[in-house]
Every structure is written in C-alpha cells, then in structure tokens.
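The values are calculated or read from the model by the stated rules, or taken from the named source; none is laboratory data. From a predicted model like this one, the values you see are computed outputs, not experimental measurements. Using ideal geometry, Cβ is built from the backbone for each residue, glycine included, and neighbour counts are taken over all protein chains shown. Heads up: the accessible areas ignore ligands, DNA and RNA and are worked out on the full protein's heavy atoms, side chains in. Shrake-Rupley method; radii C 1.70, N 1.55, O 1.52, S 1.80 Å.
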Amino acid sequence: MYPRSRALFVALLTLLAVLATAVVTAPASSAASHRMTRLEVSFSNSVVKLINAQRRQHHLKPVKLNRYLTLASDRHNRAMARVNTISHQLSGEKDFVARDRAAGFRYRCWGGENIGVSARVSRAGARELQSLMYAEKAPNDGHRQNILNRHYTMVGVAVLRDARNGRLWLTTDFGSRC
C-alpha cells in the first residue's frame with residue numbers, strides 16, 4: 001500500500017506544481033505578449049530624446065531607457081485605453097510602483113510616473129504632451145518635477161495609438177536603483 005500512496009502523492013504534487021506554474025506565468029506571458037508597434041516605439045524614442053534634452057538644459061544626467069519600466073508603462077496605457085480613462089491608478093489596479101515591480105523592475109530608492117492623453121495621434125502629439133508636462137508651473141508641476149528629478153537614472157516610455165478611442169496615450173515611468 002505504501003508505494004501506491006507514495007506514487008499518488010508524488011503525482012498530485014507534480015500536478016499541483018504544473019498548475020501553479022501555469023497560474024503564475026499566465027498573466028505575465030499574456031500581458032508581455034503584446035509589443036508596441038514600430039511606429040509607437042519610434043514615438044516613444046522621440047519622447048525619451050526630448051526628456052533628455054530637457055534634462056540637459058538643467059545640467060542633469062540623461063536617463064537610460066529601461067525595458068521593464070517601458071513594459072509597465074505600456075501595460076498601463078492599455079489599461080487606461082480599455083476603460084478610456086486617464087488615471088495614475090485605475091479602479092482595481094495596483095499603484096505604479098507595484099506595476100513596475102510586476103513588470104520586473106526592482107526599486108530601491110526613487111520612482112515617479114507621468115501620464116498624458118491627446119487627440120493628436122502622432123509623433124507631434126506625443127512630443128507635445130511631453131513639452132506640456134515640462135512647461136508646468138508651480139505649484140502644479142508634478143510632471144516637471146519628475147522630468148527634472150536628479151535621482152532618476154532610468155525611464156520607461158510607452159506610447160499607444162488607440163484607434164478605438166481616437167487617442168494617443170503616453171505613460172512615462174521613472175526610476176532609480178540607487
């Protein structure tokens with residue numbers, strides 16, 4: 001009897017391990033399966049260049065593009081587009097730090113997020129959003145403070161051209177690992 005019980009126990013453990021692996025990896029693989037189009041990537045790269053030009057004007061080091069922050073930014077754009085609502089945290093959604101961590105970025109010190117939406121679904125629309133954030137004036141200048149934060153060393157920028165809603169979504173996640 002003991003060998004049969006042991007074999008059944010091992011089979012159940014194996015089945016549970018397979019099921020647990022499927023449950024743990026399914027959300028990440030399905031969320032990561034989407035990629036920005038080439039045009040969206042080129043828009044995003046244009047925004048990164050603009051961010052670094054803005055930082056250079058203040059004698060700040062450039063931020064380097066980080067794939068995990070970009071993935072988190074892209075996922076947030078898609079979540080906002082699904083409900084056609086701009087928000088740093090949609091109903092039922094984790095905050096940006098938790099979203100960045102879920103995408104693979106490991107914070108140690110600093111993090112920030114800028115979001116924007118425009119009816120101009122073009123590179124010019126993406127750059128205009130970034131320029132408007134940079135041009136903010138105190139006391140309502142949170143986006144500008146993120147752009148010019150000397151602690152940030154990395155950035156993730158995602159642009160989504162949303163044909164269903166006729167909008168361009170921009171999410172920029174900043175971070176530093178110290």
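How many residues are open to solvent by 20 Å² or more (accessible area, probe 1.4 Å), under 17 Å from residue 45 (Cα atoms) and either in contact with an Asp or Glu (Cβ under 7 Å, 6 or more places away or on another chain) or not in a loop (DSSP other than H, G, I, E, B) (or both) when one looks only at region 118-128? Number of matching residues: 4.
Scanning region 36-72 for residues that are open to solvent by 80 Å² or more (accessible area, probe 1.4 Å) and touching a residue at least 24 places away in the same chain (Cβ under 8 Å) yields 61, 64, 65, 67. Look at region 126-145: where a residue is farther than 12 Å from residue 172 by Cβ and touching a residue at least 60 places away in the same chain (Cβ under 8 Å) and a partner is polar (S, T, N, Q) and part of a helix (DSSP H, G or I), sitting 6+ places away or on another chain with Cβ atoms under 9 Å, you get 127/46; 131/54. Scanning region 5-27 finds one or more residues that are under 16 Å from the mean Cα position of the chain (by Cα), modelled with pLDDT under 95, under 27 Å from residue 88 (Cα atoms) and in a helix (DSSP H, G or I). For region 74-109, a residue qualifies if it is within 20 Å of residue 44 (Cα to Cα), among the hydrophobic types (A, V, I, L, M, F, W, C) and in a helix (DSSP H, G or I), and the qualifying residues are 79, 80, 81, 96.
For region 147-169, the set of residues classified as outside any strand (DSSP E or B), surrounded by fewer than 20 Cβ atoms within 10 Å (Cβ to Cβ) and not β-branched (Val, Ile, Thr) consists of 148, 149, 150, 151, 163, 164, 165, 166, listed by residue number. Summed over region 85-114, the residues that are at positive phi and either in contact with a strand residue (DSSP E or B) (Cβ under 6 Å, 6 or more places away or on another chain) or surrounded by 13 or more Cβ atoms within 10 Å (Cβ to Cβ) (or both) give a count of 1. Residue-level analysis places residue 177 outside the set of residues that are surrounded by fewer than 17 Cβ atoms within 10 Å (Cβ to Cβ) and either of a type in the set (Gly, Ala, Ser) or at pLDDT 95 or above (or both).
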